[in-house]
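Asker: Below are the structure tokens for one structure; questions will follow.
Coordinate-derived values only; no laboratory data. Computed from a predicted structure; not experimentally measured. Positions of Cβ are backbone-derived with ideal geometry, glycine not excepted, and every protein chain shown enters the neighbour counts.
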Amino acid sequence: MTLQTTYTLIAMVAVFVLCSWKLKSPEISMVITAIVGALVAGFGFPVRLLVEGTLTYLDLALLFITASLFMNFYSEIGATNALIRGMVKTFYDKKWLMLFLLAFVMLVPGAFTGAGSVSILVVGGLVATVLEFMGFPPERRAAFVFITAILSAAAPPINLWAMLMAAGANMPYVGFNKILFIPVILTTIFAVFFFGRGTKARPKSEVLANLPPAAKGMNWLRLSLPFVLLLLLIFMAQYQPFVIPVIGLPLTFMLCALLVILLDPEHRSLKRWWTVATNTIETVFPLVATLTSVGVLVNIMALTGVRGLIAINFVTLPIVWIYVTALLFCPLAQGSLSYGSAVILGVPIIFRFNSVGVNVTVVAAALSLMFPLGDCLPPSRIVGRLSIEKVGYKGSYMQFLKAVLVPWLFLAALALCMLIFTKTFVPLTK
Amino acid sequence: MSASNIRKLAFLVLFLVLAGFASAEFKGLRYFKEKVVVSEAFTEKRMLSDWLPNIKGTWGDTPVYFYDSGKPGATVLIYGGAHPYEPAGTIAVYVIMENLQLSNGRFILIPRADMSASTEGILGNAYPQYLHIPTSWGQQQYRIGDRETALIDQWPDPFTYVHYPSKQNLAYQDLRNFNRTFPGRADGTLTERMSFAFMELIRNEKVDLVIDFHEASLMYPVVDTYVTHQRAEDIAMMAAMYCQLEMPMKCEVSPKGLRGLTHREIGDYSDALCVLIETAEPFIDRVVGRVTEQLMIDGKDEFLERASEKGLLYTSYDINDAPTIDHRVARLLTASLELIKMYDQFYPDKAVEFWYPRFTDVKTNGLGSYLHDPSAADPSRVFEN
Amino acid sequence: MVILQEIIHYIYLIMSGFFGLLLVRALFKRTTRTNLVYDIVYAYAVIPFLLRALRIR
């Protein structure tokens, strides 16, 4: 079995590389890779499993679509511009304060929803625009958005990787707040200073002159109400869950989008909103297609045993080698399995460390900081792609990765320290 | 129509046709009925919605089978299928339903605790849809389902699940996990209502002992183990000792800080004693190789053997003597049997007198020999789930 | 609360169908990624939305 599964893995990697190169579409490359994997492993053309795979990340796809709709509706009424204008007027002269404010704005949505993509979709465009004024080159803007987005996903109170590992290991999701908060804040501070170094902002007057004038009738109430509703629904779901039904994030964003239509000072026609909606679908499509395709790939990796092959090779390593290779396996697993990485690699590692008497809350926290690092890696690179698309970065993906590298390594080093020197971090779990 | 549009239409039709083939398989599983031939001791079939009417007509409703001797004795509730991707639990309940002999006391048996979850497979895990048990009269077919209630029955998920009433945060999909939603809410989500209906059944029928059948991955510490509420600790500890005559068995007390689980909440929110039983299921370990029905049946996996050699498993594993489906069902049978017998010893005034096959019986005669042919049975004794 | 939850469930099914149909529209009327490869990708990306909307999977 090991030999056949190894052949299958090699065939899949080869097909993925070849297809990505020839077809220039990571989405279809993943599906072709899955089909070839099933064929090589002797499963023929498993229609049910291929179709079933497309549904794996449907909820995430709906989240991407609805969050994008909300923000595009919000921009359509001129609110985003007005918000940027307001921020520039108030904080622009204080560079570092402004940068920390932008980082904070990025951290909040992801921290409370567990999804960095929500941060990017909701405030990523806005943040990127201000960063542009502040003299950030394009790849650094994308990198800033990406790093703060993955930090937001890792930040408490909702860290989905830690939650999935806790669920898999039957441990309560408690004791994670401090141990996640401190490394996230440390990395944020580092990233802000790192990205902000040496940039020269355009003069405030020039920026304000170039910003589109505020839409007629736009005021702070219209600007803030959609976000107030968004935060209200999110906080209610988290802190008053028994007095409201489960609304879910996609419907939350749709309700906010509807509120934007109602608040539109210019009362645009339905036709105009329809155009915005269809444009949004086109913009967000590569991500929807990626999620659909990665689900197919994940399903076939499980079927053929390729998933098991990767997992068993990692978890059977001696503990020292787990330390050495964790920063390779965990991010790569995230790149190919998305949140599945926490269940497939994370849970066995927790049991592994548990068997040698290590505090598993620290281990889960450390791993939950490592997995998001893979969100910019192939084959899926979901958050990486989302960042560059939202920022409008047109350069090479490698250039973007280079820009990300130093804060990436900082977070990686912190996470690795937590994994190795577990005892030191135990007080933070109390 | 332009050539480009014809091409696009062709692709769309092609994929819709493929989706159609897949849909036929999805629907096949959703509406497939498992057959069971109940033993002479059976008295009445009711529905879970009898204890909470608002789940009537939903996929959360499920049959509840009563076996009442009419003589004094404890009421024992045994159920499987809280997590349908652990099918040994359901099959073990079927074996009890088909073979139970009862002189004293009452059994309430529920083979499919989360009916909805049994009608779809897990997304992203490429599970086969069915498993087949060979018998002398042919094959008996059962569903392999999901861990959680199907999304087409309970959607959307929250971004985080806040457990009622403790307010503990759990992973979002656990709001569809039948073994994380106890004690449930009468006006909550479908899974919370199913759990609440179970609680109502337990309270109203004055159940004395609840036994919850599960299977666990071998890399999970709580495997081949009783997990017991602290009020049933003595019974479970003693039962584990008696199990050793046939098979190894461990015992753990339910942690008080981990909410939503049956062994915690049923014990806290009713007078019943509650014990969950886990048996080793190689199929659900994440490190296994090819995910096939064969693996579900014979439990043989090279990767798992490697994990065993490295000391990563929490139970013994030998690929040449792997935990087959027969073995796993057999374990659940003896584990539950010893629990009830021990209950009898602790509460002799409520003793239950009964018989159903145990580990050695199933290992000797094969699982199939305890499943009866529905086509040859008295139709009034054949039920579908 | 139960009825409200049921209504939300149906809103989600409708939402899924609506976005599925928007994707079908985009398959034929999009202005970006107009090559053959993306014809295929758009065509199969529709599947999960429709299967969920029809309450099949």
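Asker: Once the Cα atoms of region B:108-201 are picked out, what are the Rg and Dmax in Å?
Answerer: 15.3, 51
Asker: Would you work out the charge dipole size for the protein assembly as shown about its Cα centre, treating the Cβ of every Lys and Arg as +1 and the Cβ of every Asp and Glu as -1, and quote it to the nearest 20 debye? Kindly include the intermediate steps, with their values, before the conclusion.
Answerer: Numbers: 73 positive and 66 negative charges, 873 e Å.
For the protein assembly as shown, the charge dipole is close to 4200 debye.
Asker: Also, quick follow-up: Going by a ≥ b ≥ c, the root eigenvalues of the Cα gyration tensor, does chain C fall in the rounded group (a/c under 1.5), the prolate group (a/b larger than b/c) or the oblate group?
Answerer: prolate
Asker: Same structure again: Taking H as built 1.01 Å from N, whose amide H comes closer than 5 Å to the amide H of residue B:215, not counting residues under 5 places away?
Answerer: B:279
Asker: While we're looking at this one, here's another question. Taking only the Cα atoms of region B:69-119, how large is their convex hull per residue, in Å³? Intermediate values should be presented prior to the final figure.
Answerer: Details: hull volume 3.4 nm³, N = 51.
Residue-normalised Cα hull volume stands at 67 Å³.
Asker: Run the simple label-point estimate for residue A:420 and residue A:406 please: 7 Å along Cα→C-beta, distance reported in nm.
Answerer: So the two model labels end up 2.2 nm from each other.
Asker: Over what distance in Å are the Cα centres of region B:206-264 and region C:1-50 separated?
Answerer: 45
Asker: While we're looking at this one, here's another question. Fewest first, what order do B:355, A:273, A:220 take by the number of other Cβ atoms within 10 Å?
Answerer: A:220, B:355, A:273
Asker: What is the Cα coordinate range of region A:257-364 on the first, second and third principal axes, sorted by size from largest, in whole angstrom?
Answerer: 64, 33, 20
Asker: Return the long-range amide H neighbours of residue B:250 (sequence gap of 5 or more, or a different chain), with a cut-off of under 5 Å between placed amide H atoms.
Answerer: B:225, B:226
Asker: Residue A:90 to residue B:186: FRET efficiency via 1/(1 + (r/R0)^6), r the Cβ-Cβ distance, R0 41 Å, to the nearest 0.05?
Answerer: 0.25
Asker: Also: Calculated from DSSP H runs of 4 or more alone, at -39500 (n - 2.57) each and per residue, what is the 222 nm mean residue ellipticity of the protein assembly as shown, nearest 500?
Answerer: -18000 deg cm²/dmol
Asker: Output wanted: per-residue J couplings in Hz (rounded whole) for region A:403-419, from phi through Karplus 6.51 cos²θ - 1.76 cosθ + 1.60, θ = phi - 60°, x for Gly and Pro.
Answerer: 5, 7, 3, 5, x, 4, 5, 4, 5, 4, 5, 4, 5, 5, 4, 4, 5
Asker: Also, quick follow-up: Could you size up the charge dipole of region A:176-251 around its Cα centre, putting +1 on the beta carbon of Lys and Arg and -1 on that of Asp and Glu, and report it in debye to the nearest 20?
Answerer: For region A:176-251, the charge dipole is close to 300 debye.
Asker: Could I have the simple spin-label model distance between residue A:262 and residue B:40, label points 7 Å from Cα toward Cβ, reported in nm to one decimal?
Answerer: Using points 7 Å along Cα→Cβ, the separation is 6.9 nm.
Asker: Scaled to the compact-protein estimate 2.2 N^0.38 Å, what is the alpha-carbon radius of gyration of chain A, rounded to two decimal places? Spell out each step's value before the answer.
Answerer: Values: Rg = 22.1 Å, N = 430, 2.2 N^0.38 = 22.0 Å.
That ratio works out to 1.00.
Asker: Next up: Once R0 is set to 22 Å, what does the formula 1/(1 + (r/R0)^6) return for the Cβ-Cβ distance between residue B:244 and residue B:321, expressed as a FRET efficiency to the nearest 0.05?
Answerer: 0.80
Asker: In addition: Hey, rough spin-label estimate for residue B:349 and residue A:1, points 7 angstrom out along Cα→Cβ, what's it come to in nanometres?
Answerer: For residue B:349 paired with residue A:1, the spin-label model returns 5.4 nm.
Asker: Moving on. Just the Kirkwood number for the protein assembly as shown, please: inverse of mean 1/r across all distinct Cα pairs, in Å, one decimal.
Answerer: One decimal place: 28.3 Å for the Kirkwood radius.
Asker: What do you get for Rg/Rh of chain B when both radii come from the Cα atoms and Rh is the Kirkwood radius?
Answerer: Working: Rg = 21.1 Å, Rh = 21.4 Å.
We get a ratio of 0.99 for chain B.
Asker: Just to check I understand the Karplus step: with θ = phi - 60° and J = 6.51 cos²θ - 1.76 cosθ + 1.60, what whole-Hz values come out for region B:170-175, glycine and proline as x?
Answerer: Per-residue couplings from phi come out as 10, 4, 3, 6, 5, 5 Hz.
Asker: With θ set to phi - 60°, apply the Karplus curve 6.51 cos²θ - 1.76 cosθ + 1.60 along region B:5-14 and write out the HN-Hα couplings as whole Hz, x wherever there is a Gly or Pro.
Answerer: With coefficients 6.51, -1.76 and 1.60, one gets 5, 5, 4, 4, 4, 4, 4, 4, 4, 4 Hz.
Asker: Right, next: With springs only between Cα atoms under 10 Å apart, run a GNM on chain B and tell me which of B:54, B:99, B:125 wobbles the most.
Answerer: Looking only at B:54, B:99, B:125, the largest GNM fluctuation is found for B:125.
Asker: Nearest 0.05, what FRET efficiency do residue C:36 and residue A:398 give at R0 = 41 Å with Cβ-Cβ as r? Spell out each step's value before the answer.
Answerer: Details: r = 27 Å, r/R0 = 0.66.
Computed FRET efficiency for residue C:36 and residue A:398: 0.90.
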